[in-house]
Each structure stands twice: as C-alpha cells, then as structure tokens.
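The values are calculated or read from the model by the stated rules, or taken from the named source; none is laboratory data. Everything quoted here is computed from the prediction, not taken from an experiment. We place every Cβ from the backbone using ideal geometry, glycine too, and count neighbours over all the protein chains shown.
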Amino acid sequence: MIKTAKYRLKFLLTIMEKYPIIKTIDSDVVIVGAGRKDRVLPRRGITSPLFLIRRATMPKYRKMLSDWDAPYIQTIIKLVETQSKETIANWCVDYATAHLLPIYVEAYPDDLRPALALRAARDWLAGEIKLPEAKVAILDCHAAARDAEGNPTAQAAARAIGQCASTIHAATHCAGLMLYGALADAYYKLGVNAEWSELLIAAEKECGRMEKALRKVLVENEQNPAKLNWKC
C-alpha cells in the first residue's frame with residue numbers, strides 16, 4: 001500500500017514538472033494541456049484538453065466483499081440453491097428496498113434510478129411489464145452506481161440494488177446482495193475508513209440478517225428450484 005502510494009506520488013510530481021499549469025478541484029488534480037499531443041492519460045472518447053488524475057494520496061476503498069467461500073456467504077448460497085427464481089428475486093428486492101435503498105437515498109435524495117429499478121423488478125414479478133422494459137431501469141441503476149464513484153457507501157448500495165433487481169433475469173445475481181450489500185451496510189455503520197477486519201465483522205452480521213430474512217420466505221421442499229451456475 002505504501003509502495004503504491006509512493007509510486008503514484010512520484011508519477012504525479014513528474015507530470016507536474018512537465019505540465020506546470022495545474023489547479024486542484026476537490027480531490028482531483030486537473031492538468032491543462034495544449035492539445036491532443038499533450039495528453040497525459042489518453043482514453044478512448046476523451047477530446048477535452050483537461051485531464052483528471054486521482055490525487056496520489058487518495059485512498060482506494062474496496063468495492064465489494066471478496067471471500068466467496070466465507071461461511072456466512074456460503075450458508076446463504078446453500079439456502080438460495082433450494083429456492084425458485086421467484087422466491088429469490090422477491091427476497092432480494094424486498095431486502096434491498098428495506099435496507100439498501102435508504103442508504104443510497106440518504107446520499108443522493110434526488111436520484112430515483114435505484115428506486116425505479118426495484119419498482120421495475122416488482123412490476124415484472126407481478127406480470128405488469130416485460131423484461132426488456134425492466135432492463136432499462138436496471139441499467140439506469142448500474143449507471144447510478146458508476147456515477148457514485150467517490151462515495152463508496154452509496155456506490156456499494158447502488159451496485160447491490162442493481163444486482164438484486166437483476167435477479168428477475170438471472171437468479172445468480174443475488175450474490176450481489178451479499179457481496180455489495182453487506183459491505184455497503186458495514187461502510188454505512190462504521191465509516192469507510194474503519195479497519196477492514198472491523199468491516200468484515202459488521203458485514204458478517206449483516207449477512208446473518210439477510211439469511212434470517214430469506215428463511216422467513218423460503219419454500220420448504222421447493223419443487224422448482226432455480227438452476228444456478230455460480231461463476232465466482
């Protein structure tokens with residue numbers, strides 16, 4: 001971590017020597033170039049002479065849980081594998097609505113995209129709209145997550161919501177509820193700068209609440225369990 005930060009700082013200082021015209025906007029360093037030949041970090045589709053470079057000391061936050069084999073995740077997965085796609089989708093949408101949407105709304109009260117994605121999923125489950133129409137709202141939710149870059153808590157919540165809504169297309173998207181949603185809850189309760197070990201403890205507790213919610217709605221001896229192919 002320290003080595004990487006030093007490398008980024010050295011890189012930034014090198015650029016500052018080459019491009020002395022700089023100014024700081026929030027957490028970004030804006031380098032003003034004179035044209036295409038002066039691009040520092042060329043990217044496809046960028047034509048502006050302004051180039052943004054993340055501040056060298058800006059911390060990088062984890063976007064999701066990474067231990068797929070964690071017992072608290074696998075316990076939920078084993079339960080999910082016994083249930084129908086409809087049960088899985090309803091569980092995810094209900095949980096996201098009750099516990100994750102408020103996290104996002106607190107940060108971005110005027111952004112309705114995650115809420116509309118959950119509504120579209122409900123409407124599809126009720127047979128009121130077709131899947132292509134629901135997908136439009138879900139893709140908008142994924143866009144909201146991308147737009148929340150810089151706010152790890154809200155971004156994780158939006159990603160979880162998008163994955164939960166996507167269960168109407170493929171039930172395996174329910175994994176996003178745990179991987180993104182549990183971390184969003186941990187960030188929200190402890191802060192993004194909490195120790196990772198503490199965040200994991202909080203995420204494990206949140207997964208326990210997710211499991212409890214699933215057990216309340218699961219169908220015993222489900223005759224039509226979803227066909228799941230985990231690629232984690």
Next item on the list: Six or more apart or on different chains, Cβ under 8 Å: which pairs go from a residue in the stretch 192-204 that's surrounded by 14 or more Cβ atoms within 10 Å (Cβ to Cβ) to one that's at pLDDT 95 or above and of a type in the set (Lys, Arg)? Could you list them?
Entry: 202/189
Notebook entry, point to check: Among the residues of the stretch 137-146, is there at least one that is modelled with pLDDT of 95 or more, touching a Phe, Trp or Tyr at 6+ places or on another chain (Cβ under 7 Å) and among the aliphatic types (A, V, I, L, M)?
Noted result: no
Next item on the list: Within the stretch 191-232, count every residue that is in a helix (DSSP H, G or I), of a type in the set (D, E, K, R) and more than 24 Å from residue 114 (Cβ to Cβ).
Entry: 3
Item checked: Evaluation of residue 153 against (1) in contact with a His (Cβ under 8 Å, 6 or more places away or on another chain); (2) over 18 Å from residue 88 (Cα atoms) (one fails), failing number -> (1)
Margin query: Whether any residue in the stretch 95-108 is closer than 28 Å to residue 227 by Cα, at pLDDT 95 or above and of a type in the set (Ser, Thr, Tyr) is what I want to check.
Written below: yes
Check: Can you name every residue in the stretch 124-147 that is surrounded by fewer than 17 Cβ atoms within 10 Å (Cβ to Cβ), among the charged types (D, E, K, R) and farther than 15 Å from residue 158 by Cβ?
Finding: 128, 130, 133
